[in-house]
Structure formats: C-alpha cells, structure tokens
Amino acid sequence: DDDEIAVVFWLDELLFALETFEADVVAGPVLPHFEVDPPEWLVKGRFFDRPRYRTGQSIEHFGTGNCLVSTALLEKIDGPFDERMALSGGEDTLLSKHLNEVGARIIWSDHAIVEEFVPKSRMKIKWVCQRAYREGNSSTLALRYTKKSRKWIFKRIISGFARITQGTLILFPSIFQGSSLTVKALRQMCLGLGNLAGLLGYKFLEYKKIHGF
C-alpha cells in the first residue's frame, strides 16, 4: 500500500518463504506506525493489531497490504480485484476467496514486515467503530458476490444479531472497566450492524475519504 514502509530484508523474506514452502502466495505482518503517540484506550484495546502466525503456516485469508502473489495464479482468475469493492474495501478478502478456489497454497512469513502509517485522524473512537462497520459490511458483500446458493444468508443473519447482542451485553459493565472495553463493545455492535447492512445490499464507501493527506 502507498501508506506503508517495508523493513530491511522484507522482499528477501517473502522470496525465501515462497521458495522454501513452495507457496503460491506469501503474506506477512502489517505493524502500525502512529503519526503521534496514540491514546491509552487505543493501545490497551490493541485495535490496530492484526493476527500473526508462525512462518510457514498455511492460511486462508490475507490482506494485500503485504503479500507476494504468483502472476501465473492471477491469470486463472478475473480481476484480480473486483471493481465493485473499489471504495468499500474488502477486495482483498474476495481475492483470497478466489485464490483458494483455484487451489492456491497460501503461507505466512512472520519476518517479512511492513509498517503502516496511522494518521491522527484514525486514532478516534468514531473511526474504530466505522472501520468495524465497514469490515462487517464488506465481508457480507464478498459473500453476496461469490456464493451461488443462499444457505449462507441465515448464518450471516444469526452472526450479525449475535455480535450486536454480545456488544450490547458488555457495553454497560464496560463503562466501569475502562474506555478500551467500551470501544470493544461498540466495535462488536458495529461489526454486526455492518453484516446486516450488507445483507440488505447496502455498500458503505469508506475509501471515499482519504486520511492523513
């Protein structure tokens, strides 16, 4: 991504993992690089932390902010990115699904690190909740675009309401336990609302606004 900086030996680590594990796709961690010192609730809640795995572990989903993909594999799918998700985000989720469908071997390289610039405008409760809503929304849209049967719809309805319920139940007690837990409760609710909005066909265009520029 254009808001990221690769650390030393980043490309070497990707290529090493690609050859060592005979992979089609190699993905690595994206660590936050904050513009200013982040507020305590944001650090404590780890809202910018992303999952990490041991090097060589097979994974199903990956973000395109830090990855190496075989061009021969990309020729087997359309796109590679779906332009319907250009401003909503989630096109990397859709790409992961398509690559899995054609039998891609996707592995993790934990030493191939990039740092992502996090502007001050994103260090706010509103943005964290908005991002959760968008993630819930775009993940449902990705299912709408790929699933041929309608069996997934009922499961998505259940998971959407379950997330809203879970967030609501922990919201009140979280008020007495610190702001990071309160934000986690709100984030869970927004994730569920985004799931349900996607079911109705609503598309939230998060990337119409550019942060930090």
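For region 103-116, the criterion of being out of contact with any helix residue (DSSP H, G or I) (no Cβ under 6 Å at 6 or more places or on another chain), at pLDDT below 95 and surrounded by 20 or more Cβ atoms within 10 Å (Cβ to Cβ) is met by none of the residues.
Residues 209, 151, 155: which one is open to solvent by 60 Å² or more (accessible area, probe 1.4 Å) and closer than 22 Å to residue 83 by Cβ?
209
Looking only at region 19-39, which residues are open to solvent by 50 Å² or more (accessible area, probe 1.4 Å), at negative phi, among the acidic types (Asp, Glu) and assigned to a loop (DSSP other than H, G, I, E, B)?
35, 37
Within region 41-58, the set of residues being over 12 Å from residue 179 (Cα atoms) and either among the aliphatic types (A, V, I, L, M) or not in a loop (DSSP other than H, G, I, E, B) (or both) comprises 58 only. For region 130-148, the set of residues classified as under 18 Å from residue 39 (Cβ atoms) and surrounded by fewer than 20 Cβ atoms within 10 Å (Cβ to Cβ) consists of 130, 131, listed by residue number. Give me the residue from region 40-49 that is more than 17 Å from residue 5 (Cα to Cα) and charged (D, E, K, R) and, out of that set, surrounded by the most Cβ atoms within 10 Å (Cβ to Cβ). Restricting to residues being more than 17 Å from residue 5 (Cα to Cα) and charged (D, E, K, R), the top hit is 44.
Residues checked against (1) assigned to a loop (DSSP other than H, G, I, E, B); (2) more than 26 Å from residue 48 (Cα to Cα); (3) touching a strand residue (DSSP E or B) at 6+ places or on another chain (Cβ under 8 Å):
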| position | (1), (2), (3) |
| --- | --- |
| 65 | yes, no, yes |
| 76 | yes, yes, no |
| 89 | yes, no, no |
| 98 | no, yes, no |
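Counting only residues that are surrounded by 12 or more Cβ atoms within 10 Å (Cβ to Cβ) and of a type in the set (D, E, K, R), which one in region 50-60 is nearest to residue 116 (Cα to Cα)? Checked region 50-60; the qualifying residue nearest to residue 116 (Cα to Cα) is 50.
The values are calculated or read from the model by the stated rules, or taken from the named source; none is laboratory data. Computed from a predicted model, the values in this text were never measured in an experiment. Virtual Cβ from ideal backbone geometry, glycine too; neighbours counted across all protein chains shown. What goes into the accessible areas is simple: the full protein's heavy atoms, side chains included, and nothing from ligands, DNA or RNA. Shrake-Rupley method; radii C 1.70, N 1.55, O 1.52, S 1.80 Å.
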